[in-house]
Amino acid sequence: MKVVGYQGGYGKGRHSPQRQERRHQHPRQDPETIRGIKKAFEEGNFSEVRTSLRKSEVRDALKSLYQEVKSKAREENGKGFKNWDEIEVLKNAAIVAAYAVVNDLRTTQIRKIIEMAKSLHTEVTTKKDMTAVTQKIKKEAVRMNMLMAYYAGKNKSVLPIQEVLEPILNWLSLDQNASPENFEKVYMFFEAIVAYHRYFGGRE
């Protein structure tokens, strides 16, 4: 005896669980939503982003914006980062942070790197020997990159930060770029990511 399910049998009807699941897994990115969330970031209206972050269409729009930031960070092997002004640094950090939140990044997953960055920041701002400072920046940039890759390999939720910071840290680790000024800019970017991650509701 043939058992017929809802609307003539599951798997054939347009409301079947299989079709609903496929539709949910591949949502369409709404151009209006992408433009709206992009405008909010450009205007620094992060409170609007925060209140709408749970909406699925906003999450889809964030992915598009995140890909733009990642591409910019990878321009000329990280050299493109040098041309970001302060506003662009903060805006891009907010985008990365928001995308990290929807990917369930927890700050405990990168706690050691946060501590390393703070410790290096203290050394850079207090030491007078510029040669020693440059060598320290180069060394720590390489170490942070290595640890970030390790944590991203353990947990995919770290990838949104790792993929953006990798080319920037590679750029910073070069002899001609390992200056206190360049480190301060990278540190501000990283610090802003951590701060906005918390603001957008990211977990510890």
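Applying the criteria of a DSSP loop state and at most 15 other Cβ atoms within 10 Å to the trypsin sites (Lys or Arg not before Pro) of segment 81-134 yields K127, K128. When the charge dipole of segment 75-204 is built from unit charges on Cβ atoms (+1 for Lys and Arg, -1 for Asp and Glu) and taken about the Cα centre, the candidate among M148, N170, T108 whose Cα reaches farthest toward its positive end is T108.
Taking 7 Å steps out from each Cα toward its Cβ at Q67 and T126 produces label points 4.5 nm apart.
Straightening the chain between D85 and S179 buys 32.1 nm, computed as 0.36 nm per residue apart minus the Cα-Cα spacing.
Shown here: segment 154-204, whose C-alpha atoms stretch 37, 23, 13 Å along the first, second and third principal axes, sorted largest to smallest. Largest accessible area first, the listed residues L174, L159 line up as L174, L159 when surface is computed with a 1.4 Å probe on the assembled protein chains. The candidates T107, T126, T134, arranged from most to least accessible area with a 1.4 Å probe in the full protein assembly, appear as T126, T134, T107.
Each 5 Å bin from zero holds the following percent of Cα-Cα pairs in segment 104-187: 3, 16, 27, 24, 16, 9, 4, 1, 0.
The values are calculated or read from the model by the stated rules, or taken from the named source; none is laboratory data. Given the structure is predicted, the values throughout are model-derived calculations rather than measurements. A quick note on method: Cβ atoms are made from the backbone with ideal geometry, for glycine too, and the neighbour counts reach across all protein chains shown. Just so you know, the surface numbers come from the protein's heavy atoms only, side chains and all, with ligands and any DNA or RNA stripped out. Shrake-Rupley method; radii C 1.70, N 1.55, O 1.52, S 1.80 Å.
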